[in-house]
1. Calculate the tail of P(r) for region 127-179: the fraction of all Cα-Cα distances greater than 18 Å, expressed in %.
2. Suppose a student asked you for the relative contact order of region 129-239, using Cα pairs under 8 Å spaced at least 6 residues apart; what percent would you report?
3. Label the chain by shape, choosing from rounded, prolate and oblate, from the square roots a ≥ b ≥ c of the eigenvalues of the Cα gyration tensor; if a/c is under 1.5 it is rounded, and otherwise prolate applies when a/b is larger than b/c, oblate when it is not.
4. Please turn the phi angles of region 215-228 into ³J(HN,Hα) values with the Karplus equation 6.51 cos²θ - 1.76 cosθ + 1.60 (θ = phi - 60°), one per residue in order, whole Hz, x for glycine and proline.
5. What FRET efficiency, computed as 1/(1 + (r/R0)^6) with R0 = 60 Å and r the Cβ-Cβ distance, is obtained for ALA395 and SER60, rounded to the nearest 0.05?
6. Report in % the part of the accessible area of the chain that belongs to carbon and sulfur, leaving out ligands and nucleic acids; probe 1.4 Å.
7. Along the charge dipole of region 333-446, which of PHE355, GLY432, ILE333 sits closest to the positive end, that is, farthest toward it, with unit charges on the beta carbon of Lys, Arg, Asp and Glu (+1, +1, -1, -1)?
8. Quick check: the distance between the Cα centres of region 249-319 and region 102-171, to the nearest angstrom?
Amino acid sequence: MSYLAYDSYRKAKTDFVGLIPSHWEEWKVSHGFAQIGSGTTPKSDNSLYYGGETLWVTTSELRESFIYETANHVTQDALNEHSALKPYAPGSVIIAMYGATIGRLGMLWKEATVNQACCVFAAPEKFHPRFFYFWLWMRRPILISLSSGGGQPNLNQEELKRLRVPIPPIPEQQQIAAFLDWKTGQIDALITRKRELLEKLKEKRLAVITQAVTKGLNPATPMRDSGITWLGQVPQHWGVRRLKFTASKPLQYGANEAAELDDPECPRYIRITDIKEDGTLHEDTFRSLPPEVADPYLLEDGDLLLARSGATVGKSFQYLDAWGRAAYAGYLIRFRVDPAVLSARFGYYFLRSQFYWACINSSLIQATIQNFSAEKYAGINVPLPPLNEQEAIVAELEKQKVMIDQLEDATNQAIDRLTEYRTALITAATTGKIDVRDVKIPQLGA
């Protein structure tokens with residue numbers, strides 16, 4: 001959809017904005033809100049301060065949306081004993097000033113207090129809060145890039161107060177905010193549907209792999225009970241072996257060495273953090289080992305690596321010679337297949353099947369610490385078709401993989417385009433590059 005420009009413009013005093021509509025004014029934030037402040041954190045070990053009626057917002061609850069509820073509430077005692085713990089009215093705008101959530105935004109739906117990492121803009125005099133929210137949303141990448149602070153970026157409250165914002169009259173701000181709520185709502189709904197499609201593609205990938213590596217490609221094949229709960233029936237002519245009996249060598253842990261070198265002439269040192277979700281390697285995390293240290297752990301084409309501890313337990317990766325010489329770290333286990341029994345690529349797909357993950361998860365349920373040893377991996381049962389059938393299954397899965405990958409790529413590109421359009425629309429509307437005063441906005445529910 002295309003939108004008209006305003007009839008006349010003038011140069012803005014505000015940096016980076018350029019031209020603004022001639023009738024717009026420019027106000028400092030401190031002159032546009034009667035109340036700008038922050039909050040504090042009452043001592044968490046004092047039960048008198050928590051469990052009350054008043055919402056208490058932390059920056060983790062700023063998610064570019066209205067805040068209806070918070071994880072913690074504070075009591076009247078906390079309000080009485082902490083002068084910095086002020087209640088802010090519904091409609092107040094909040095921005096996170098530092099930490100991992102810097103720049104995150106929210107608006108209060110109910111009266112609430114906040115912690116010290118939040119800056120709150122309340123009691124508006126020149127700004128419509130929702131317009132200001134969208135203006136901050138547009139401005140925040142620049143704010144964060146200009147933020148100061150030693151180890152981490154830090155938005156300074158005094159500098160936020162000094163920001164100069166070009167604004168139209170309040171009714172026009174309201175119209176712009178309503179327009180952006182409408183249009184961003186439409187865009188967000190489209191993005192949500194695209195993300196749901198990605199989830200369905202992920203489910204389809206898992207289902208296709210699981211069906212192929214546990215049941216084969218021919219649905220008319222006679223089946224038999226595998227005797228394994230998670231596996232169920234398998235084709236009558238297939239075998240089932242423990243993973244250790246499909247390996248050419250015992251499963252082996254990697255090197256317990258510090259990742260200090262980054263010499264590209266030395267073998268790459270692969271750690272679990274180097275492995276991307278799609279099974280390829282991050283280029284920006286490259287580390288290497290001296291050849292003499294790496295030698296016992298050098299990988300061969302087709303070797304499979306298995307993560308053995310922490311949140312990544314069960315994740316796998318297949319090494320390819322084309323990626324250059326590489327060794328692997330101690331939190332990974334090498335599984336080298338016996339090519340007379342198991343195709344390395346069939347093994348790769350098996351490690352992405354629902355059956356495999358059921359084996360991993362059933363074992364982890366019993367553990368207090370997430371850990372899957374080489375012995376546990378060695379005991380996993382692997383369905384084994386004849387080698388020629390393994391190759392046929394791999395060929396079909398590779399074909400399916402290409403199609404699903406293409407759909408995922410197209411969907412991700414569509415999400416990127418929608419996200420860019422959303423950003424461009426907010427920027428254009430809040431800086432007066434488009435005139436939306438006469439746009440007819442549907443009523444809620446219409």
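The values are calculated or read from the model by the stated rules, or taken from the named source; none is laboratory data. Since the model is a prediction, treat every value here as computed from it, not as a measurement. Cβ sites come from the backbone with ideal geometry, for glycine too, and all protein chains shown count toward neighbours. These accessible areas exclude ligands, DNA and RNA; they are computed on the full protein's heavy atoms, side chains included. Shrake-Rupley method; radii C 1.70, N 1.55, O 1.52, S 1.80 Å.
1. The calculated P(r) of region 127-179 puts 39 percent of pairs beyond 18 Å.
2. On the way: 45 pairs, mean separation 16.1, N = 111.
For region 129-239, the relative contact order is 14 percent.
3. Working: a/c = 2.31, a/b = 2.00, b/c = 1.15.
It is prolate, given that a/c is not under 1.5 and a/b is the larger ratio.
4. Result, ordered by residue: 10, x, 9, 9, x, 8, 4, x, 10, 9, 6, 6, x, 10 Hz.
5. 0.80
6. On the way: 11880 of 22700 Å².
Roughly 52 percent, rounded to a whole number.
7. Of the options given, the answer is GLY432.
8. Taking the Cα centre of each part, region 249-319 and region 102-171 sit 44 Å apart.
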